[in-house]
Amino acid sequence: MKRLLSLILITAVSFFALASERPQITDCKLNGKKLYGHVFITESESSADFRVKTVTSIPDLEVKQVPSTAANSCGLWSFTDTQSAADFTVKFVESDEDFTIRFKD
């Protein structure tokens, strides 16, 4: 029984240690990049600033799609077709994300 409890404790500690290694969003920035503004969606791993997963509950960031002129505060994204006009690029993924988002109306 003691061995089972030790195994459960080690597994839980390992899980939380791995989860905490993911970079955290602070002041609406991640890795020095602001998380609002003009966003370009890419399929290329190498050109993506961030790997993003869309979720339905408990996101790291709530995102609202807005017109270009309104994308000026945290979570307000205006999608652009031109990578050079983007403040940052994202690749939407199903796993191994840098952060999660939920779109709001």
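The values are calculated or read from the model by the stated rules, or taken from the named source; none is laboratory data. Since the structure is predicted, the reported quantities are computational estimates derived from the model, not experimental observations. Cβ: placed from backbone, ideal geometry, glycine included. Neighbour counts: every protein chain shown.
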Determine whether the stretch 50-64 contains at least one residue that is over 23 Å from ASP105 (Cβ atoms), exposed (fewer than 14 other Cβ atoms within 10 Å of the Cβ), modelled with pLDDT of 95 or more and not acidic (Asp, Glu).
no
Condition check for SER46: modelled with pLDDT under 95, assigned to a loop (DSSP other than H, G, I, E, B) and surrounded by fewer than 15 Cβ atoms within 10 Å (Cβ to Cβ):
yes
Suppose we keep only residues that are hydrophobic (A, V, I, L, M, F, W, C) and part of a strand (DSSP E or B) within the stretch 49-75. Which one would you say is nearest to the chain's Cα centre (by Cα)?
VAL52
Identity of the residue in the stretch 24-43, more than 15 Å from ALA86 (Cα to Cα) and either outside any loop (DSSP other than H, G, I, E, B) or among the hydroxyl-bearing types (Ser, Thr, Tyr) (or both), that ends up farthest from the chain's Cα centre (by Cα):
THR26
